Amino acid sequence: MKTLKKHLTLLIAVLMVTAGTVSAQEETVINFDNATPGTFPEGWTNATGKWTVKQDGKNKVLAQTEKNSGGYFNIAVYDGVTLKDVEMSVDVRAISGREDQGGGLVWRYKDKNNYYIVRFNPLEDNYRFYKVENGRRIQLASAAHITLPEGKWFTVKVTVKGNKVTCYLNGKKYLEKTDDTFTKPGKVGFWTKADAVSDFDNLRFKGE
């Protein structure tokens, strides 16, 4: 049953990309169990940084492995959907990073210089919602003093309806904010900053 589920998940993803689907009325789960370690998965775009499928025990994950610095943002986007209103989540594990750690989700992604993001940083113990507009990152909301077990998976989730954004971490709501910068549908994906080496798995989304 587990093997069948994995194949069905991959088939859904392939059909979405092939057919040019722009919405996902039912929840879709994207994982990397059928991808080849050491490669970049089909149906995705490596916008910045270095993203590689990695074997993780019996599981496979998408890892951001490049150690950049300063205000460099590492982004991988999924090409199968273009969404405006969305509910989505991803499992993230911080592996290393001296400047930054952790990571999160992007949505209404236009290009590498224009999108929304929510991320958790274990080094700073904070959870933040930003917009990146014309390459400039601007903080919109923040929650501080959040401590999670080191080296363990955590789940970043966001719900977006119109201009209202609600962000959750491990099932708990931390942030809620409205913003009207990006109003058109865009792609969704993953994000880390600078030298944050992190693993991502189980992207779940539904929306239109």
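Looking only at segment 80-126, filter to residues that are in a strand (DSSP E or B) and acidic (Asp, Glu); which one of those is farthest from Asp179 (Cα to Cα)?
Selected residue: Asp91.
If I filter segment 144-154 for residues that are at positive phi and in contact (Cβ under 8 Å) with a residue 60 or more places away in the chain, do I get at least one hit?
Among the residues of segment 144-154, not one is at positive phi and in contact (Cβ under 8 Å) with a residue 60 or more places away in the chain, which makes the answer no.
With the requirement that a residue be outside any strand (DSSP E or B) and farther than 26 Å from Asn59 by Cα, what does segment 153-193 give you?
Matches in segment 153-193: Gly162, Asn163, Asp179, Asp180, Thr181, Phe182, Thr183, Lys184, Pro185.
Could you grab me the full set of residues in segment 127-143 that are assigned to a strand (DSSP E or B) and either of a type outside the set (Phe, Trp, Tyr) or loosely packed, with under 15 Cβ neighbours inside 10 Å (or both)?
Of everything in segment 127-143, those that are assigned to a strand (DSSP E or B) and either of a type outside the set (Phe, Trp, Tyr) or loosely packed, with under 15 Cβ neighbours inside 10 Å (or both) turn out to be Arg128, Lys131, Val132, Glu133, Arg136, Arg137, Ile138, Gln139, Leu140, Ala141, Ser142, Ala143.
Across segment 194-208, which residue is surrounded by the most Cβ atoms within 10 Å (Cβ to Cβ) among those that are over 12 Å from the mean Cα position of the chain (by Cα) and within 24 Å of Leu123 (Cα to Cα)?
Residue satisfying both the conditions and the ranking: Ala196.
Which residue, of Val61, Val77, is at pLDDT 95 or above, in contact with a Gly (Cβ under 8 Å, 6 or more places away or on another chain), under 26 Å from Leu169 (Cα atoms) and assigned to a strand (DSSP E or B)?
Of the residues listed, the single one that is at pLDDT 95 or above, in contact with a Gly (Cβ under 8 Å, 6 or more places away or on another chain), under 26 Å from Leu169 (Cα atoms) and assigned to a strand (DSSP E or B) is Val77.
Scan segment 97-112 for residues that are under 25 Å from Thr45 (Cβ atoms) and loosely packed, with under 13 Cβ neighbours inside 10 Å and report the count.
Of the residues in that region, 0 qualify.
I'm told Val92 meets every condition in (1) β-branched (Val, Ile, Thr); (2) out of contact with any helix residue (DSSP H, G or I) (no Cβ under 9 Å at 6 or more places or on another chain); (3) at pLDDT below 95 except one. Can you identify the failing condition by its number?
All conditions pass for Val92, except number (3).
Picking from Ile117, Ile138, which residue would you name as being within 20 Å of Thr48 (Cα to Cα), of a type in the set (A, V, I, L, M, F, W, C) and in contact with a Lys or Arg (Cβ under 7 Å, 6 or more places away or on another chain)?
Ile138
Go through Lys177, Lys172, Lys157 for me and flag whichever is crowded, with 20+ Cβ neighbours inside 10 Å and either within 23 Å of Gly71 (Cβ to Cβ) or of a type in the set (D, E, K, R) (or both).
Lys157
The values are calculated or read from the model by the stated rules, or taken from the named source; none is laboratory data. In this text, all values refer to a predicted model and were calculated from it rather than measured experimentally. Note that each Cβ is placed from the backbone with ideal geometry, even for glycine, and that neighbours are counted across all protein chains shown.
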